[in-house]
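**Q** My structure is below; once you've seen it, I'll send some questions.
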Amino acid sequence: EGGRMVQTYQSPVRIYKHPFEVVMAAYEMRFPTCPQIPIFVGSEITYEYKSDDSAVHVVERKCELNFEVPYLLKKIASVEYVYFNQKNSVDWRKRTLLIEATNISFSSRIGIKENCMYYVHPENNDWTCFEQSASLDVKSFFGFEGTVEKIAVKQYGANLAKGKEILEFFIEETIKKGTDHLIPYTVKNGEDEGSVGDSAIDMPKECNGEEETSTTIHRKESHKLAKGDLLKSNQHTSFDDPDSKIESEYIKRFLGQLSQLEESRFCELKYGLQSHHKGKLPNDAHLLRFLRAREFDVPKAKEMLLTSLLWRKQHNVDQILHEWQRPPVVRQFFPGCWHHADKEGRPLYLLRLGHLDMKGLLRSMGMQNVVKLCLSTCEEGLNRAEEATKTLGVPISCWSALLDLDGLSMRHLWRPGVQALLKIIEIVEAHYPETMGQVLVVRAPRVFPVLWTLISPFIDEKTRNKFVICGGENMNEELRKFLDEENIPDFLDGPSLTEVGPGGHIPKSLYLPVDEQKEDDGVLSTMYTTTSFVKGCPIEAVINVASTGCVLTWDFDVLKSECEFTVYHTPKMLEEVAHPHSPSLNPVEMVQNAISSAPTNKVHMDPSLVLGVDMTIVEKPQVFQEGDSMQGSHFCTREGSYILQWKVPDHISSSTTFDFSIHRGKIMYYTETLDSADFRGSVASLESCRSSFSSMAIVASQPSTPASVPKVLKPE
């Protein structure tokens, strides 16, 4: 009982471009029977009242309906037909018709209430408006409550559209017969035109018993649009027009084709927010995005939207396009920009991901600015979609993206960069839902399936399905399916000049100080370990690999002195140490190590290991200077332990200087093993080409492409 949900329906305003009296004449043609409505078997009048001045006419009918329900359900219920009570109250002076319907059959088990209202358009006396609301409460029905609810909702939705078609048909029939006699009610001599007297018809209360419905609240407000001319103009409801009523023509023109129930959910969400939310609301297109993201579940969409509105306020997102200035490093090195539109009119965003130095971007401007860059792009996307809707005359609610992956390599698997990307995806999906129309991926190298497998689980399934790979020799031919020839970018040998930046490596001279980086959003500080090493006592990270095929990745910055980096392998399984502590030596040991100039190929973790016997070098020693930054990876073809070693280079000794400070180094590093199981077999092809990813621009072949990788377009 406590978990039972009451199903509700609230229509937008439907406009019939005919006078109220013509619409009423057409409506009366439905009675007593209507062959055009198969479920409407018949009706009989049970009560009738007409005021002395004939201004008010009230008719109650008992209606017989034949719902299409499973035979078993009819057998259990022991009924062939279902009966409803319908009360029609027309006020010819006010030119309104109120229809109130409730079920007679099974009223103790099921509660069905419906209110409909016909009234004159506030801005055009020759047009008639129609609104409808209903509620369904299945309390109990022989254990078939869920089935009954689904059948009722389905049939109600189907009959909504049918009712509109039938009334329009009857209107045409009425017009054919002539409408000269259908004139508005005339006020008699001596009668006060503004008086209501016994002709007053009270508006219905909300189906659930509240004081006023959202419908009655908004009917009291004037329409903001001259909506009869809606299709001829570019005016529409906006962020700054929260009190406007929703009309069906407006929905079709500016929001798209919605089903009757989807229209209802949209009205329910907007009217509910207008009644109870005091702050600024997004425009209707954005409200609809949240509904779509939650499958038109109004409570879930409302919760998601209110959370997003609070987030926007906390981060001042509404002002980001006016107040946030892109740092110089973005203007110089960020390879992304807006560029015309796709064939469906959706704004197109270009991003040359293979030319993006994510590490340099994070190190030079911090995570907060990277997020703001993303937010400003999304906000501009919303504005461009809204402008396209007005300009093109069709609803444009999302944008498209073209990702150029030329240059994508293992360095793009840098984990902090991936983590930053995942955080951005999380923000976009929470606050900009249903904004991605299509993602065109071009020049994808073999490393792409690896990156896709890391990222795709965090992308909404509907968004994942919008990724399309255009590749091979006929790439531009495939692009022409989505982009007009004149809009294909110049970097893809198209005729259209772009404003996209060149991207490329961001110089370390532009990096923020390490302390400022670690104070940032936490992407770097939570993943990196900062530690020191001294001559004779290196830093070593031991990574155990139980199965071949995984990728060992590392990233480090030399903060002080020189550093020699080597990767060893041994078949033995050592004790795994990913974050070793800083070593400490007493003064005697430091002097002994300092005066020693003998080369060492020893592993501090296990001095018994002998190079060439039970230990090999898999990544040759490299010496890095203070301030250097290094990213690397190793495809693990053997099981055992891999030892990453940082040490003071052998050539530094007391034979050249007695400055002991150069015998102590400091690094900030991060290491991770990307498990082959995560790639679903797509890494096997990486070993042979891992040294030349940047020169490759071939689409992953079908056999090695994981199931989650987007479809690859082939020439027809």
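The values are calculated or read from the model by the stated rules, or taken from the named source; none is laboratory data. Please read all numbers here as calculations on a predicted model, not as lab measurements. Cβ atoms come from the backbone with ideal geometry, glycine included; neighbour counts cover every protein chain shown. For accessibility, only protein heavy atoms count, side chains too; no ligands or nucleic acids. Shrake-Rupley method; radii C 1.70, N 1.55, O 1.52, S 1.80 Å.
**Q** Skip the ligands, DNA and RNA, and give the accessible area per residue of segment 387-439 with a 1.4 Å probe, whole Å².
**A** Dividing the accessible area of segment 387-439 by its residue count gives 32 Å².
**Q** Cβ under 9 Å from Thr102's Cβ, Thr102 left aside: what net charge do those residues give with Lys, Arg +1 and Asp, Glu -1? All intermediate terms of the calculation are to be shown ahead of the outcome.
**A** On the way: positive: Lys87, Lys113; negative: Glu100, Glu114.
Summing Lys and Arg as +1 and Asp and Glu as -1 gives 0.
**Q** Can you work out the FRET efficiency for the pair Leu510 and Glu323, with r the C-beta to C-beta distance and R0 = 22 Å, to the nearest 0.05? Walk me through the numbers before you get to the answer.
**A** Numbers: r = 23 Å, r/R0 = 1.06.
Between Leu510 and Glu323 the formula returns 0.40.
**Q** Roll a 1.4 Å probe over the protein heavy atoms and report the accessible area of Thr637 in Å², nearest 10.
**A** 70 Å²
**Q** Mean separation of Cα pairs under 8 Å and 6+ residues apart, divided by the residue count of segment 105-152: what relative contact order is that in percent?
**A** Working: 58 pairs, mean separation 18.0, N = 48.
Across segment 105-152, relative contact order equals 37 percent.
**Q** Put His505, His277, His339 in order of accessible area, largest first, 1.4 Å probe: what do you get?
**A** On the way: His505 120, His277 55, His339 10 Å².
Largest to smallest exposure gives the sequence His505, His277, His339.
**Q** Counting only heavy atoms of the protein chains, get the accessible area per residue of segment 303-358 (1.4 Å probe) and round it to a whole Å² value. Please list the in-between numbers first.
**A** Details: 2870 Å² over 56 residues.
The answer is 51 Å² per residue.
**Q** Count neighbours as other Cβ atoms within 10 Å of each site's Cβ, and list the GluC sites (Glu not before Pro) in segment 404-493 that are DSSP loop with at most 14 such neighbours.
**A** Taking segment 404-493 and a limit of 14 other Cβ atoms within 10 Å, the loop GluC sites (Glu not before Pro) found are Glu473.
**Q** Could you tell me what percent of the accessible area of segment 368-444 is made up of carbon and sulfur, with a 1.4 Å probe and every protein chain present?
**A** Values: 1220 of 2420 Å².
Its accessible area is 51 percent carbon and sulfur atoms.
**Q** Moving on. Rounding to the nearest 20 debye, state how big the charge dipole of segment 299-401 is about its Cα centre with +1 on each Lys and Arg Cβ and -1 on each Asp and Glu Cβ.
**A** Details: 14 positive and 10 negative charges, 50 e Å.
Rounded to the nearest 20 debye, it is 240 debye.
**Q** DSSP loop GluC sites (Glu not before Pro) in segment 306-398 with at most 14 other Cβ atoms within 10 Å of their Cβ, which ones?
**A** Values: sites: Glu323, Glu344, Glu379, Glu380, Glu386, Glu387; in loops: Glu344.
Passing both the DSSP loop test and the Cβ count: Glu344.
**Q** So which of Lys17/Lys343; Lys252/Lys300; Lys17/Lys390; Lys252/Lys343; Lys62/Lys252 end up more than 31 Å apart by C-alpha?
**A** In this structure, Lys17/Lys343; Lys62/Lys252 lie more than 31 Å apart at Cα.
**Q** Now a separate question. What do you get for GluC sites (Glu not before Pro) in segment 1-66 restricted to DSSP loop and a cutoff of at most 10 other Cβ within 10 Å of the site's Cβ?
**A** On the way: sites: Glu1, Glu21, Glu28, Glu44, Glu48, Glu60, Glu64; in loops: Glu1.
Taking segment 1-66 and a limit of 10 other Cβ atoms within 10 Å, the loop GluC sites (Glu not before Pro) found are Glu1.
**Q** Here's something else I'd like to know. Is any residue of segment 341-355 close enough, with backbone N under 15 Å, to a label point placed 7 angstrom from the Cα of Arg480 along the Cα-Cβ axis, and if so, which?
**A** Flagged as within label range: 343.
**Q** Further question on the same structure: If R0 is 45 Å, what FRET efficiency do you get for Asp52 and Asp297 from their C-beta distance, rounded to 0.05? If you can, show how the numbers build up before the last one.
**A** On the way: r = 50 Å, r/R0 = 1.12.
Efficiency computed from Cβ-Cβ geometry: 0.35.
**Q** Determine the order of Thr102, Thr671, Thr128 by accessible area, beginning with the largest, at a probe radius of 1.4 Å.
**A** Thr102, Thr671, Thr128
**Q** Run the numbers for Lys62 and Ser105: contour at 0.36 nm per residue of separation, minus the present Cα-Cα distance, in nm. Write out the running numbers ahead of the final one.
**A** Values: separation 43, 0.36 × 43 = 15.48 nm, distance 1.10 nm.
Roughly 14.4 nm would be gained on extension.
**Q** Next question. Round to the nearest 10 and report in Å² the accessible area of Val500, as given by a 1.4 Å probe over the protein chains' heavy atoms.
**A** Only protein atoms counted, so the area is about 30 Å².
**Q** Report the calculated FRET efficiency for Thr548 and Lys343 (r = Cβ-Cβ distance, R0 = 45 Å), to the nearest 0.05.
**A** Working: r = 46 Å, r/R0 = 1.02.
That pair, Thr548 with Lys343, gives E of 0.45.
**Q** If you roll a 1.4 angstrom probe over the protein chains with everything in place, what fraction of the accessible area of segment 95-134 belongs to carbon and sulfur, to the nearest %? Numbers along the way, then the final one.
**A** Numbers: 690 of 1470 Å².
Summing carbon and sulfur atoms, their accessible area is 47 percent of the total for segment 95-134.
**Q** Okay, moving on. Could you work out how much longer the chain between Gln368 and Asn316 gets when fully extended? Use 0.36 nm per residue separation minus the Cα distance between them, nm to one decimal.
**A** Working: separation 52, 0.36 × 52 = 18.72 nm, distance 1.33 nm.
Contour length minus the Cα-Cα distance gives 17.4 nm.
**Q** Keeping all protein chains in the complex and leaving out DNA, RNA and ligands, what accessible area do you get for Arg664 with a 1.4 Å probe, in Å² to the nearest 10?
**A** 80 Å²
**Q** Students sometimes get this wrong: rank Leu65, Leu644 by accessible area, probe 1.4 Å, all chains present, largest first.
**A** If we order Leu65, Leu644 from most to least accessible, we get Leu65, Leu644.
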